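Some notes on the structure that comes next.
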Amino acid sequence: MPNSAFAWLVRGMMWIASLGVLVLLLVSGITTPADNAIYDLHARVWHYTPDNDVIIIAIDPKSLDTVGRFPWPRSVYAQVIDRLTADGVRGIGMDVTMSTPESDNPHNDQLLADAMHRNGKVVMPVFAEAVTLGGALQEALPVPPIAQNVAALGQVDVAKDSDEIVRGAYLKAGLGSAYWPSLALALQQLDHTAPTNLPGLRDPLSNDASPYLWMRNDYVLLRYAGPVGTFGSLSFTDVLDGSVPASLLKGRWVLIGATAEGLGDILQTPDSPMPGVEYQANVLESLHRGLLVTPLNFLAQGVVASGVLLVPLLLYGLPGLRRNWQLLLLAVVVALALCVVLLRVFYLWWPPTACLAIIGMAFLGWTLFTRSPRH
């Protein structure tokens, strides 16, 4: 009988067994591709309209035609930064690496450094690279004149998943320990608007690693504003020649980076391929508006799943739920609804696939048990 003592004992045993299977599924990562597909599907329809606080100054084909072949003299960047300073921008994030001196005219490094010093709110990138093939990683910082005159440095590590899709970002990273803020976070910290308690999934071992390992921490999932081209963009050359009205730039964060094909990283997002500078714009906008999603850690995933797995076991046999397929449907709906509510209301990501798989297996097992001649 559905409500006999023996039936309840079987339910309890099935629940405990399901928790064991849950741990195996989560540890193995076998359900991760399906969870990523669910998140991607949701991300494609969960867009928002940027507030125009962030604008991209694009190194685009038009700029290449006007300024010339890349890389450009750093005096060109100095001119643009001086124009942005005069226009009263809120801060400048440069998604352009300058870790070696300019070979043709080293004096240009100082010209750019002076322009950055006059602005006082320029953030430059730092990243890890191996100087020799197979050698130890080193942090690549801007050349000394520039590094000494920027307001801050920010890491530009890209959080690619195993399928090469970029769903999130690391707000902290560094060699040996995660001490560099991301480019977006560094900009916000200059503006004193960065959150005191960072969102994101934290690594408890992030400060106990080899000094030669690149460590990442505070992982967040992105709620992308939309496909490529969603953020406002101005051509670098239009800013350079002064044809952009100051009203379009005053009080805004500016990100300078390459959008022309072949110059910068093109990242695959759940929506579309996207240049790295627009990825940085998404991180900055989401951080500023509190739209970053925190993935639940292993323990929290288990707690949520264990509660969801109790639903079919507790409800079986109630009036109106005497058919297994009704219970299966209800349990699946509860799991998916909880996933969406946690994501949309609380900005927490609970991957539901492992739980859904166990519900399906439990459904088959319970069906076989209730059809046994003994019952």
Calculated [θ] (222 nm, deg cm²/dmol) that DSSP helices of n ≥ 4 give over the chain, each run adding -39,500 (n - 2.57) = -13500 deg cm²/dmol
Would you list, by chain and number, the lysines whose Cα falls below 18 Å from the Cα of Lys121, excluding same-chain residues fewer than 8 positions away?
-> Lys250
For the chain, modelled as a Gaussian network with Cα springs under 10 Å, which listed residue fluctuates most, Leu292, Leu175, Leu187?
-> Leu175
Under a Gaussian network model of the chain whose springs join Cα atoms within less than 10 Å, the largest fluctuation of Leu263, Leu201, Leu240 belongs to Leu263
List the residues whose amide H sits under 5 Å from the amide H of Leu175, counting only those 5 or more places along or on another chain, with H placed 1.01 Å from N in the peptide plane.
-> Met215
Of all DSSP beta bridges in the chain, what percent run antiparallel (nearest 5)?
-> 45
Given springs between every Cα pair under 10 Å in a Gaussian network model of the chain, which of Val303, Val332, Val228 has the largest fluctuation?
-> Val303
In order through region 88-94: 3J(HN,Hα) via Karplus (6.51 cos²θ - 1.76 cosθ + 1.60), integer Hz, x for Gly, Pro = x, 5, 6, x, 10, x, 9
With the contact rule set at Cα under 8 Å and sequence spacing of 6 or more, what percent relative contact order holds for the chain?
-> 23
Kyte-Doolittle cut-off -0.5, length cut-off 24 Å along the helix's own axis using Cα: show which whole DSSP H helices in the chain pass.
-> 5-28, 298-315, 324-346, 353-370
Relative to the present Cα-Cα distance, how much length would full extension add between Arg118 and Val158 at 0.36 nm per residue of separation?
-> 11.4 nm
So, by mean Cβ neighbours within 10 angstrom, what's the order for 79-86, 339-346, 119-126 with the highest one leading?
-> 119-126, 79-86, 339-346
Reviewing [x] 60, 56, 41; [y] 90, 44, 36; [z] 72, 48, 38, the figure for Cα extents along the principal axes in Å actually calculated from this model sits under [y]
Can you give the relative contact order of region 161-228 as a percent, counting alpha carbon pairs under 8 Å and 6+ residues apart?
-> 44
When we measure straight from the Cα of Lys160, which lysines land under 28 angstrom away, once same-chain ones fewer than 8 places off are left out?
-> Lys172
Can you list the HN-Hα couplings for region 266-273, worked out from phi with the Karplus curve (6.51, -1.76, 1.60; θ = phi - 60°), rounded to whole Hz and with x for Gly and Pro?
-> 9, 9, 8, 9, x, 8, 6, x
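Read-outs throughout are calculated quantities, based only on the coordinates presented, and are distinct from any laboratory measurement. What you see is a predicted model, and the numbers here were worked out from it, not measured in a lab. Note: ideal-geometry Cβ built from the backbone for every residue, glycine included; neighbour counts use all protein chains shown.
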